[in-house]
Amino acid sequence: MDKTERLLDLTALFLDAREPVSFEKIRVLFPDEYGSQNFESALRKFERDKAELVEAGLPLEYHTGSDGENQGYVIRREDYYLEDLKLLPHELASLFSAGAAALESGLFPAREELKRALEKITFFSGRPGASKIQIEITHQPNSLEILDALWEALQGRKFVTISYRSPHALTEVSAQPLPRKVNPLGLALRRGQWNLVAYCFLRQAVRTFLVHRIEDINVNPQQPKVPDFEVPQDFDVRQWVPQFAWEFKMHESISVTLRLDSSLSHLASQLFGKPVDASGEVTLAATHLDALVDAVLGTLGAACLVSPDVALKKFDEKVKRIAAAHLEESP
Amino acid sequence: MSERIQTLLLLLPMLAKKPGQRVEEVAKQMGLSPVALLRELDLLTMVGLPPFSPDDFVEIAVEEGRIYVELNQCFSAPPKLNSKEATALWAAAQLVASGADEAFAAVLRKLGASIPNENKASMESLARQVDASSGVLGLLNLVRPHIVERRVVTFDYRSLSETEVQTRILSPDSLSQRNGCWYLSGFCHDKKARRLFRLDFISNFQSTEVAFETVPEGPATTRAEATLEVVFSGPMAAVMQERFRVPARQSDGTVVVKLTADSPRWVAQWVLGFGGLARVISPPWAVRAVARAASRLRPTASLV
């Protein structure tokens, strides 16, 4: 009997049973599979099959009867069968559109799991009318393979060895990508680019890597089911990959206040992550002041800096430099 | 193996629930080739309950390219979402919803409630490790139903490259995300052409309740575009070489990027945003636009 067929037969048996099924009974019901060997080797074979079903997410467990009776294996039906999530039509449409967009982006982790999840959430209600959403994600020819390997390593907590083309290597044509051994801790999508947050053994610290700059990857093949490391309990990938460029940790935090004119104030949350106060100002914690000053420059005066002086000075220097460079060129 | 088991445990109830589905459609939904699907169906005809008498097997028939399944009640519904499926769905949902959004939080609660307790810790742990959020706004949820229901919308629009707010009437047909920014596209009735609008520059969004059948084709743009040449230096040279796939650098380490542009104000806004690491070299009108914009910004308003 094919192994998959055997596992599905076992699943059917457990789901259909009204009481726990003992291993002895399983041997009788599957004589060719478990009955013909000696007890120990048959039990080992069954344990391997059971482990596969548990890995597939089936709530299979051994039930110990209080009176020595009713001992055996059960799948808890209440934890097995999918129930209607009772999503409202717009919630279902949102989730489905998002899932479809992720799949179509061509670079999203856990695509097989996502496909199944979309089928499950629409099992009771049918597929909703989906809006056309396209997500563009930066990638190289092998980025999908790299992302899949990272997803596998992330879930299995296995270290990986990567060949990383750092920005420094980009400046020196002859430079070869650096091999790095890292423990992958998280993945974050920012501005259309996947970022890997990982503990880097070379730098002996947590570092962020752009996935499309990883040229090659090897997941530690030793003991694939045994984790190589633990993810710190308080780890949160959002703390390592900020939404805004001025939140990258380049220096100590500086409190910077901006004033937005009326044409821009309603967009403050989108552009700067916070709404303006009653006086049209917003105060931000910047750990990469240059990036914040550049963002203000890009508003062409619709936002201006209020404080501190160091930010004003930087702004003024940049404006002078840009003006001078373009006045020289200007015919 | 576990992937295959999960797929087959989903496939059986899916096929039984809706008899007569086409082989090609189901194969596409499940990410299989039609041949691979038929192979899996062959295997499923061997699945059943002990004592495996003829009535104990799953019955599958493929007639004229359509699939019909009869099965034991035990496979009447698929398994619940496991932690990996729930996490994948949750990660994808972040693409179009904000964590701070109450509607999104409600969806997450429903998702969380649907997975077995022993899987919740695993999902919560993975949820802290994967983040696909794009800092999106509630407007995305407001816009999306109008695309599905084909309703004309109006809104006020002013991008950073435009001086005045303009009211636009649009038959919207798609949303897209590029470089982390969301865009709404469709047929703009004011410009009589297809247009792309950055979502976070839209305000006063309203439905007209006027339905449309199809989005008129119209020209992609009615503006004259020019080729813009920009030199990037310092750390931005490496980034732009990669983004624009420029094969080689200049001898001084700078990178020359060529792109199309149609608005002096857009050019100025884009170039100033690089904080002095970008310099326009042509066309002349673009150079003048940046020089003029920078001159107007000096000294900073706050120093006056």
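Quick check: from the Cα gyration tensor, does the range A:247-331 come out rounded (a/c under 1.5), prolate or oblate? It comes out oblate by the Cα gyration axes. Annotation: the residues A:63, A:251, B:146, sorted from fewest to most other C-beta atoms within 10 Å of their own C-beta, follow the order A:251, A:63, B:146. A prolate overall shape is assigned to the protein assembly as shown, the ratio a/c of its alpha-carbon gyration tensor axes (a ≥ b ≥ c) being 1.5 or greater and a/b exceeding b/c. For a straight C-alpha distance cut-off of 13 angstrom, the aspartates and glutamates reachable from residue A:318 (same-chain residues fewer than eight places away being disregarded) are A:290, A:294. What is chain B's relative contact order, in percent, from Cα pairs under 8 angstrom and six or more apart in sequence? In percent, rounded to a whole number, it is 10.
Which one, B:193, B:182, B:271, projects farthest toward the positive side of the charge dipole computed for chain B from Cβ point charges (K/R +1, D/E -1)? Positive-most Cα among the choices belongs to B:271. Here the calculated FRET efficiency for residue A:124 and residue B:245, from their Cβ-Cβ distance with R0 = 30 Å, stands at 0.05, rounded to the nearest 0.05.
Distance between the 7 Å Cα→Cβ label points at residue B:68 and residue B:262: 5.6 nm.
Of all aspartates and glutamates in the structure, the ones whose alpha carbon falls short of 13 Å from that of residue B:17, not counting any fewer than 8 places away in one chain, are A:119, B:70. How big, on average over all directions, is the shadow cast by the Cα convex hull of chain A, in nm²? For the Cα atoms of chain A, the hull's average projected area reads 27.3 nm².
Working ranking of peptides A:26-32, B:124-130 by packing, defined as the average number of other Cβ atoms within 10 Å per residue, highest first, is B:124-130, A:26-32. Once the Cβ-Cβ distance between residue B:165 and residue A:62 is put in as r, and R0 is 56 Å, what FRET efficiency do you end up with, to the nearest 0.05? Given R0 = 56 Å and the Cβ-Cβ separation, E is 0.25.
The helix-only estimate of mean residue ellipticity at 222 nm for chain A, built from DSSP H runs of length n ≥ 4 each weighted as -39500 (n - 2.57), is -11500 deg cm²/dmol after division by the residue total. Taking 7 Å steps out from each Cα toward its Cβ at residue A:163 and residue B:4 produces label points 3.2 nm apart. Over the Cα atoms of chain B, each weighted equally, I'd like the Debye log10 I(q)/I(0) at q = 0.10, 0.12, 0.13, 0.16 Å⁻¹, rounded to two decimals. These q points yield log10 I(q)/I(0) values of -0.87, -1.05, -1.12, -1.27. In order along the range A:259-265, phi translates into HN-Hα couplings of 10, 10, 6, 5, 6, 10, 4 Hz, rounded to whole numbers, per the Karplus curve 6.51 cos²θ - 1.76 cosθ + 1.60 with θ = phi - 60° and x for Gly and Pro. Dimensions of the range A:1-81 along the principal axes, based on C-alpha atoms and rounded to the nearest Å, stand at 32, 30, 18, largest first. With neighbour counts taken as other beta-carbon atoms within 10 Å, the residues A:94, B:53 rank, fewest first, as B:53, A:94. Given +1 at the Cβ of Lys and Arg, -1 at the Cβ of Asp and Glu and no other charges, the dipole of chain B around its Cα centre is 1660 debye to the nearest 20. Sorting B:46, B:30 by the number of Cβ atoms found within 10 Å of their own Cβ, with the fewest placed first, yields B:46, B:30. For the range A:232-331, trypsin sites (Lys or Arg not before Pro) are listed when DSSP marks them as loop and at most 15 other Cβ atoms sit within 10 Å of their Cβ; the list is A:249. Taking label positions 7 Å along the Cα-Cβ direction at both residue B:142 and residue B:61, the computed distance is 5.4 nm, reported to one decimal. Normalising the average separation of contacting C-alpha pairs (under 8 angstrom, six or more residues apart) by the number of residues puts the relative contact order of chain A at 10 percent.
Pairs spanning more than 30 Å between alpha-carbon atoms, out of A:50/A:86; B:28/B:110; A:158/B:28; A:158/B:120: A:50/A:86; A:158/B:28.
With respect to chain A, whose longest principal axis is taken over its alpha-carbon atoms, helix A:111-121 is tilted by about 70°. For the range A:96-155, chymotrypsin sites (Phe, Trp or Tyr not before Pro) are listed when DSSP marks them as loop and at most 16 other Cβ atoms sit within 10 Å of their Cβ; the list is A:124.
Structural descriptor for the range A:1-149: relative contact order 19 percent, calculated from alpha carbon pairs under 8 angstrom and at least 6 residues apart. For the range B:1-133, a crude dipole built from +1 on the beta carbon of Lys and Arg and -1 on the beta carbon of Asp and Glu, taken about the Cα centre, is about 380 debye to the nearest 20.
Name all residues of the range B:78-97 having a backbone nitrogen under 20 Å from the label point set 7 Å from the Cα of residue A:76 along its Cα→Cβ direction, giving them as ranges. So the set is B:78-87. Peptide B:265-274 shows a mean partner chain C-beta count of 4 within 10 Å per residue C-beta. For the pair the range A:275-329 and the range B:51-113, the centres of their Cα atoms are 50 angstrom apart. Once the Cβ-Cβ distance of residue B:208 and residue B:174 is raised to the sixth power relative to R0 = 25 Å, the FRET efficiency obtained is 0.85.
Shape of the range A:69-201 from its Cα gyration tensor (a ≥ b ≥ c, root eigenvalues): rounded if a/c is under 1.5, otherwise prolate when a/b > b/c, or oblate? Because a/c hits 1.5 or more and a/b fails to exceed b/c, the range A:69-201 counts as oblate.
All of the numbers you see were taken from the coordinates with simple rules; none came from a lab. Every value quoted in this text rests on a predicted model; they were computed, and no experiment measured them. Because the Cβ atoms are built from the backbone with ideal geometry, glycine has one as well, and the counts that use them run over all protein chains shown.
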